[in-house]
């Protein structure tokens, strides 16, 4: 669980081991704990969310009327692809479910990116592409964000 005043920030490159086992970075594990939810996210990455933040996240989805097709599809995408990770091993490792490995395209190198309340999990190849896009378009992205407020 994220403690008050702490944030999940930074990025770590980790090797994927046998049986899709990967070491959850200690800094993130110290803040989230060794049990959490992992699921699909957008841009073919995965997200790891603490149990506390997962409940808040689900409440946001459930706050919209069930009659909206986009809500149902979002629920199917995010919630239908979710897995509980009950505990990391003594070295902080856990297994990424096969379904999520296939979705994310993770092969060898895994990038963990802390984004305050959750951690994104990327294949290194897709992360490098996304990071390049962000670097090249950061000003345009910031301008579009200003339009949202």
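Out of the residues in region 122-149 that are outside any helix (DSSP H, G or I) and under 24 Å from residue 102 (Cα atoms), state the one that is nearest to the chain's Cα centre (by Cα). Lay out the reasoning, then the answer.
Taking region 122-149 and keeping what is outside any helix (DSSP H, G or I), we get 122-123, 149.
If we keep only those that are under 24 Å from residue 102 (Cα atoms) too, we end up with 122-123.
Values: 122: 8, 123: 12 Å.
Going through the qualifying residues, I end up with 122.
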Inset, instruction - Give the residue, chosen from 101, 96, 106, 78, that is within 15 Å of residue 45 (Cβ to Cβ), at pLDDT below 95 and surrounded by 15 or more Cβ atoms within 10 Å (Cβ to Cβ). - result: 78
Inset, instruction - For region 28-43, name all the residues that are in contact (Cβ under 8 Å) with a residue 40 or more places away in the chain and either more than 12 Å from residue 121 (Cα to Cα) or buried (at least 16 other Cβ atoms within 10 Å of the Cβ) (or both). - result: 28, 29, 32, 34, 35, 36, 37, 38, 39, 40, 41
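If you go through region 92-115, how many residues are part of a helix (DSSP H, G or I) and in contact with a strand residue (DSSP E or B) (Cβ under 7 Å, 6 or more places away or on another chain)? Walk me through it before giving the result.
Taking region 92-115 and keeping what is part of a helix (DSSP H, G or I), we get 98-104.
From the residues that got through so far, the ones that are in contact with a strand residue (DSSP E or B) (Cβ under 7 Å, 6 or more places away or on another chain) too are 100, 103-104.
So the answer is 3.
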Legend entry - Qualifying position, being farther than 21 Å from residue 13 by Cβ, free of Cβ contacts under 8 Å to residues at least 12 places away in the same chain and surrounded by fewer than 11 Cβ atoms within 10 Å (Cβ to Cβ), among 146, 55: 146
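The values are calculated or read from the model by the stated rules, or taken from the named source; none is laboratory data. Treat the numbers as computed from the prediction; the structure is a model and nothing was measured. Cβ: placed from backbone, ideal geometry, glycine included. Neighbour counts: every protein chain shown.
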